[in-house]
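The values are calculated or read from the model by the stated rules, or taken from the named source; none is laboratory data. Everything numeric here is computed off the predicted structure, so don't read it as measured data. In this analysis, Cβ positions are derived from the backbone assuming ideal geometry, glycine residues included, and neighbour counts consider all displayed protein chains. Quick note on the areas: whole protein, heavy atoms, side chains included, nothing else; ligands and nucleic acids left out. Shrake-Rupley method; radii C 1.70, N 1.55, O 1.52, S 1.80 Å.
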Amino acid sequence: MSTRKPPSDTVPETQDGAAPATAATWWLTACSLVLVGALVAASVVFLGRDGAGSAAAPAGEAAAAPVDDLVEHTRMAVEGLTPIVEDMEEFLPTDGSHPPLDTTDAATVNSWRTGVQEAAGHFGDPPSDASSHSVAHTGLTSSVRLLSMAVETYAKAAQAEDEELRMDVLHIAMDLRNEAVVSWSAAATQLDLLSLEAGGEHVHLYLPAVPGALRPDGAEEGGGDPAPADGHGDDH
């Protein structure tokens, strides 16, 4: 297969002046990212679903946790992350099709990177205890880290001169983005249950859906009785 250099307006080379990575280096990096991403995603989904079951803890415990504060920070993070995930759809499609080989410009990727960093700033380091609140906080934090990995992997793909290799790395970025949204949906479901348990309202703070992501229940945000735990309606 013919090779060509990525467009000049793609993500620039590393600032440390390192020599271009060999194919072996790319594969090692790609495999490492897939392994780390899979482990993080699996732990987030597990914790989120396990935590969802523990959200039926006594109301006093749920009310004592700073749920409202986490809801507010999550709401601000969603406002910043939603346009990024929607923007990435054009270059990392969720319909199973191949991503375009011609990557977007460096300015767009840098805007994604900045937006994800700002979202991470809303959460900080999650608590180390095993409360339902901590499970939700940890899940949201880990999801943002996964999305950051997706952005950085996409940036690396732009530097791959071999088109077949670039496509493989783009698919890795796409998988990482999908896992970030899936794990976020589990944490968002946990946060919704926590809000109800603490006497609050439904909080449907989901990112744009990808295959495998949980959907918010059918109740309107801000009112009404919660839908059954296993009932999920349309995306909010």
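Quote the Stokes-Einstein diffusion coefficient, in whole µm² s⁻¹, for segment 134-188, based on the Kirkwood radius over alpha carbon pairs, a temperature of 10 °C and a viscosity of 1.306 mPa s. List each step's numbers first, then the result.
Details: Rh = 11.5 Å.
In µm²/s, the coefficient rounds to 138.
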- Item | Tail fraction, Cα-Cα pairs, segment 85-142, threshold 12 Å, whole percent | 74 percent
- Answer with one residue from Leu140, Met88, Ala173: the one whose Cα lies farthest towards the positive end of the charge dipole of segment 88-188, charges on Cβ with Lys, Arg +1 and Asp, Glu -1. Leu140
- Note on the structure: With +1 on the Cβ of every Lys and Arg and -1 on the Cβ of every Asp and Glu, the dipole magnitude of segment 125-182 about its Cα centre, in debye rounded to the nearest 20, is 260 debye
- Task: Could you tell me what percent of the accessible area of segment 159-221 is made up of carbon and sulfur, with a 1.4 Å probe and every protein chain present?
- Result: 44 percent
- Once label points are set 7 Å from the Cα along Cα→Cβ at both Ser111 and Ser97, what is their separation, rounded to one decimal in nm? 2.2 nm
- Taking only protein heavy atoms and a 1.4 Å probe, what accessible area per residue, in Å², does segment 103-224 have with all protein chains in place? 34 Å²
